[in-house]
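Quick notes on the structure that follows.
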Amino acid sequence: MAEIEAAAEVADATAAGDDWRTRLRQRFLAARAVMLRHPWAPGLLGSRPTVPPGVYTYYDQIIATLRDGGFSYRVAHRALHAFGSLALGFAQEVFRPAAAGGATDVEVAEAELAAMAEKLPHLTAMVAAEAHDADDPTLGWCDSQIEFEFTLDLLFDGLERARG
């Protein structure tokens, strides 16, 4: 958390004077850069029964940015819920498939995909169409940089409409 706070301070200084959206985007992307350096950290944070020290200060700054942007405390509260773990630089995954754990048997994998395609055609087609680019950093089986930024933009667009 100390690294995320330090990265967020740099992001805040860089984005000083910018609008709320730019400031939060830079803050969240700075947190993500920390998580990409420590890919084990999302799992650790998700396993904590209490709020780690430093999180309150970090979130206070997010609320301050929203308030400076013209949002009420009510909308800021709802925004924090919508942001979820994105504010800390990762998308929390409910399900985590087991790791392959070595070499993949191509014939078995193809047979499993064919069976899945027959029973779940839309899910299979989506997975095939959205296979992650090897150059797109991920923090889990479905938490790529592109998806992370896409989700931020959707949330920020919705908040802009909620602000009125």
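Numbers below:
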| quantity | calculated |
| --- | --- |
| Radius 10 Å from Cβ of Ala11, net charge of other residues (Lys, Arg +1; Asp, Glu -1) | +1 |
| Solvent exposure of the chain as accessible area per residue, Å², 1.4 Å probe | 64 Å² |
| For the chain, calculated [θ]222 nm from helices alone, where every DSSP H run of n ≥ 4 adds -39500 (n - 2.57) | -20500 deg cm²/dmol |
| Net charge contributed by nearby residues that have their C-beta within less than 12 Å of Arg21 (K/R +1, D/E -1) | -2 |
| Carbon + sulfur, % of accessible area of the chain - ligands and nucleic acids excluded, 1.4 Å | 59 percent |
| Residue-by-residue Karplus 3J(HN,Hα) for region 24-40, coefficients 6.51, -1.76, 1.60, Hz, glycine and proline x | 5, 4, 5, 5, 5, 5, 5, 5, 5, 4, 5, 5, 5, 6, 10, x, 7 |
| Principal-axis tilt of helix 55-68 within the chain, Cα atoms, nearest 10 degrees | 70 degrees |
| Estimated FRET transfer efficiency (Ile146, Asp68; beta-carbon r; R0 22 Å; 0.05) | 0.15 |
| Table column - 3J(HN,Hα) (Hz), region 70-85, Karplus curve with 6.51, -1.76, 1.60, x for Gly and Pro | x, 8, 6, 4, 4, 5, 4, 4, 5, 4, 4, 5, 5, 5, x, 6 |
| Approximate spin-label separation Ala13-Glu93, in nm, with each point projected 7 Å along Cα-to-Cβ | 3.5 nm |
| Cα-centre dipole for the chain with unit charges at Cβ (Lys and Arg positive, Asp and Glu negative), debye to 20 | 940 debye |
| Among 119-126, 144-151, the order from most to least packed when residues are scored by Cβ within 10 Å on average | 144-151, 119-126 |
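The values are calculated or read from the model by the stated rules, or taken from the named source; none is laboratory data. Remember, predicted model here, so these are calculated numbers, not experimental data. Virtual Cβ from ideal backbone geometry, glycine too; neighbours counted across all protein chains shown. Heads up: the accessible areas ignore ligands, DNA and RNA and are worked out on the full protein's heavy atoms, side chains in. Shrake-Rupley method; radii C 1.70, N 1.55, O 1.52, S 1.80 Å.
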